[in-house]
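Right, one structure below, let's go through it.
The values are calculated or read from the model by the stated rules, or taken from the named source; none is laboratory data. These numbers were taken from a predicted model, which means no experiment stands behind them. A quick note on method: Cβ atoms are made from the backbone with ideal geometry, for glycine too, and the neighbour counts reach across all protein chains shown. Protein only, heavy atoms only, side chains kept; ligands, DNA and RNA dropped before computing areas. Shrake-Rupley method; radii C 1.70, N 1.55, O 1.52, S 1.80 Å.
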Amino acid sequence: VSRDGTYKVTAIWEYDKRSVNGANFVYFGMKLRSSVGEREKKLIEYAKQVIDAVGIVQGPSHMEIMFTADGPCLVEVGSRCHGGEGTWMSVAEECIGYSQVSATLDCYLRPDRFDALPMEPSILYNEGGEAFLVSTYTGVLKSIPGLKRIRALEAFRRLEMLVQPGMLIVPTVDCFTRPGSVQLVAPTRQAFERDYAVIREIETKVGSSGLFN
């Protein structure tokens, strides 16, 4: 988020994209990262150069950057908030203490609060992210037995289901065929990764022991 040319990084999300169902770059999830680390520092410096180059001096911006063998490489940038219908907001608030949306409001309405925000999220109070559910099936959904196990995870916070029993489910190839998402927050990286892996494991099973039936 920028205010009068002062650019503050509100969050760094690492995307988990994989090839599945004959499609490349399918979103499996995204995980918050602190700004501490050599790779993160390079990403932030590169992002600042992008903002300067495109001339965004006021309000939110969101960009996707690939970290390649030659360093950061821009995929896209826009003068808007991070998308995904804002399901990530509660995760950012719990892990960082604020979000891009709250920082944007402060930028326009409470400049004193914006000035008090750190330049980048160097501290994560918790580890968090989202697991985007992936379907490999085609047919009419009978039930979603895996949700009971997902809700029982230590890191579970909330979920958003875009399909329900009785609806047609199709293989996930993009965000429009995503059956749902799960927001996760845990006290440690190990606990977060454990529960994230459980969701991935549930997806691979079918029937009463799997995610979908």
Completion exercise
In the range 119-137, residues that are in contact with a Pro (Cβ under 6 Å, 6 or more places away or on another chain) and hydroxyl-bearing (S, T, Y) total 2
Problem - Whichever residue in the range 104-113 is more than 30 Å from L159 (Cα to Cα) and part of a helix (DSSP H, G or I) and, among such residues, is least open to solvent (accessible area, probe 1.4 Å) - result: P111
Problem - Condition met for Y137 (of a type in the set (S, T, Y), more than 12 Å from A11 (Cβ to Cβ) and at pLDDT 95 or above) - result: no
Handout entry: Answer from V101, V50, V91 - the residue that is open to solvent by less than 70 Å² (accessible area, probe 1.4 Å), closer than 16 Å to V185 by Cα and not in a strand (DSSP E or B)
Key = V91
Practice task
Please give the number of the condition P121 fails out of (1) farther than 26 Å from S19 by Cα; (2) open to solvent by 40 Å² or more (accessible area, probe 1.4 Å); (3) not in a helix (DSSP H, G or I).
Solution key: (2)
Fill in the blank from the handout: (1) at pLDDT 95 or above; (2) within 28 Å of P111 (Cβ to Cβ) all hold for G83 apart from (1)
Problem - Filtered residues of the range 154-213 (kept if touching a Pro at 6+ places or on another chain (Cβ under 9 Å), in a helix (DSSP H, G or I) and open to solvent by 60 Å² or more (accessible area, probe 1.4 Å)) - result: S208, S209
Practice task
With the checklist (1) of a type outside the set (A, V, I, L, M); (2) loosely packed, with under 12 Cβ neighbours inside 10 Å; (3) free of Cβ contacts under 8 Å to residues at least 40 places away in the same chain in hand, flag the one item P72 doesn't pass.
Solution key: (2)
Handout entry: Lone unmet requirement of (1) polar (S, T, N, Q); (2) under 23 Å from S208 (Cβ atoms); (3) surrounded by 13 or more Cβ atoms within 10 Å (Cβ to Cβ) for T138
Key = (3)
